[in-house]
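The values are calculated or read from the model by the stated rules, or taken from the named source; none is laboratory data. Bear in mind that the values here come from a model prediction, so they are computed numbers and not experimental data. In this analysis, Cβ positions are derived from the backbone assuming ideal geometry, glycine residues included, and neighbour counts consider all displayed protein chains. SASA here: full protein model, heavy atoms, side chains in, ligands and nucleic acids out. Shrake-Rupley method; radii C 1.70, N 1.55, O 1.52, S 1.80 Å.
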Amino acid sequence: MHTMARCASRRVAAAAAVVVAVALAVSSGVGATPETACRAAEEEDRRVDYGFCVSRLSHHHDSPDADTWGLAKVAADVGVCIAGDAAYDAKAMLASAGGGGGERAALERCAELYDRMGSAFAAAYDDINRRDYAAGKEKAGEAMSLARRCDGAFADAGLPSPLERQSSESVKIAVVCTAITSLVK
């Protein structure tokens, strides 16, 4: 019986060691997964959409081997892709839009803003890569502001934005990028 108690005690100690190791791995970035990073990001910032975070980061080719630092860069790179797709969408809508008017002006403005947003996310990636986390988070925040300004261009014209989904996803990935970057130690 005494031997069984010692074995049980060792199992409890081993289980506790595993929990501590996992917690340290996530906080130091070693062995992070999109799921663990997104859960921690959600705890860091309640604006993080966990499902969106996991979905977008999991589909990136660098995610399987990334630590927390790498996933922060992945989030910035996903932001570049989302902004590029949104700029393409705005330009395609612009090509089929009529002559003048508020819609055309708003689409022109959004195409420009999404191009700038792509550059802001690329700068965030570079800053995070250089481990200048404050600058990376600042650039992700700039990208978020640019997305909101696109929606504002349509609101100013008194029109619903046909780019609402793109703006929403841009804001979501900027929040994810900022929150995961805050986790990097």
For residue 30, are the conditions met, namely being at pLDDT below 50, assigned to a loop (DSSP other than H, G, I, E, B) and under 21 Å from residue 129 (Cβ atoms)?
yes
Condition first: of a type outside the set (Val, Ile, Thr) and within 10 Å of the chain's Cα centre (by Cα). Now tell me which residues in the range 42-94 satisfy that.
49, 52, 53, 56, 57, 71, 72, 73, 75, 76, 77, 79
Which of (1) open to solvent by less than 20 Å² (accessible area, probe 1.4 Å); (2) out of contact with any helix residue (DSSP H, G or I) (no Cβ under 7 Å at 6 or more places or on another chain) is the odd one out, the single condition residue 67 does not satisfy?
(1)
Can you find even one residue in the range 115-127 that is open to solvent by 70 Å² or more (accessible area, probe 1.4 Å) and of a type in the set (Gly, Ala, Ser)?
yes
If I ask for residues that are free of Cβ contacts under 8 Å to residues at least 24 places away in the same chain and surrounded by 16 or more Cβ atoms within 10 Å (Cβ to Cβ), which ones from the range 38-52 would you list?
39
For the range 76-95, does any single residue satisfy the condition of being in a loop (DSSP other than H, G, I, E, B) and in contact with a Gly (Cβ under 7 Å, 6 or more places away or on another chain)?
no
